[in-house]
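See below for the structure under consideration.
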Amino acid sequence: MSTANFDLKKFEQNGLPTDDELAGKRFAVVYAEWNSDITFRLAEGAKKGFNDNGVADDCIDFKVVPGAFELTFAASKLMKTGKYAAIVVIGCVIKGETPHFDYICEGVTNGISMLNVEAVCPVIFSVLTTLDKQQALDRCGGSLGNKGEECAISALKMLKTFGGLK
């Protein structure tokens with residue numbers, strides 16, 4: 001479904017955890033420095049999404065990695081600590097003139113998918129894969145909202161649904 005027709009924030013918020021369910025829960029946001037004008041806005045959106053739904057700043061850990069490809073490694077290391085209810089990974093890959101775009105997008109997508117199969121906590125995919133910079137700008141606070149904020153809400157919904165499962 002096109003993001004032009006979909007905005008997770010507009011859905012009923014009844015699928016979000018209560019304050020009691022959030023008590024003692026920590027979240028991690030890992031974001032890439034590459035395309036930082038986009039990823040930093042997405043990370044701020046994730047912070048807002050968590051804060052607006054009851055997660056205090058001191059319950060969110062932010063980590064920075066060089067690029068999107070390193071997100072899988074970082075998420076894996078954070079997951080192994082057992083400290084987090086969910087991890088949000090944020091990156092932005094903009095198509096260029098070479099197949100590098102395809103390799104990076106496929107690698108990070110497969111890596112995050114593999115982590116989720118074996119995960120002890122959900123890893124929420126917030127990696128923009130756009131054809132041009134304007135599409136990325138539209139998704140980091142522009143005309144299509146902030147996908148980082150939506151991913152924080154996804155993390156909270158996953159906690160609500162699966163938080164008691166091991």
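Each reported figure results from applying straightforward, stated rules to the coordinates on display, with no laboratory input. Because the structure is predicted, anything quoted here is derived from the model rather than measured. Counting neighbours? That spans all protein chains shown, and the Cβs are built from the backbone with ideal geometry, glycine included.
For a 19 Å ceiling on Cα separation, which of these pairs sit above it: Lys47/Lys133; Lys25/Lys160; Lys80/Lys147; Lys83/Lys160; Lys25/Lys47; Lys47/Lys157? Beyond 19 Å between Cα atoms: Lys47/Lys133; Lys80/Lys147. The length gained by stretching the chain between Phe62 and Thr81 to full extension, at 0.36 nm per residue less their Cα-Cα distance, is 5.4 nm.
How big is the convex hull of the Cα atoms of the chain, per residue, in Å³? Could you put the intermediate results ahead of the total?
Numbers: hull volume 18.0 nm³, N = 166.
Enclosed volume per residue, from the Cα hull, is 108 Å³.
Mean-square fluctuations from a GNM of the chain, with a 10 angstrom spring cutoff on Cα atoms, peak among Glu118, Glu21, Glu44 at Glu118.
When both bridge partners sit in the chain, DSSP labels roughly 10% of those beta bridges antiparallel.
Just want to confirm a number: the relative contact order over the chain, from Cα pairs under 8 angstrom separated by 6+ residues, in percent. Kindly include the intermediate steps, with their values, before the conclusion.
Numbers: 294 pairs, mean separation 53.7, N = 166.
Relative CO of the chain lands at 32 percent.
Note on the stretch 31-142: with charges restricted to the Cβ of Lys and Arg (+1) and Asp and Glu (-1), its dipole about the Cα centre is near 200 debye. Using a cut-off of under 19 Å, list every residue of the stretch 94-117 whose amide N is near the label point 7 Å from the Cα of Glu33 along the Cα-to-beta-carbon line. Only 94 pass the distance filter.
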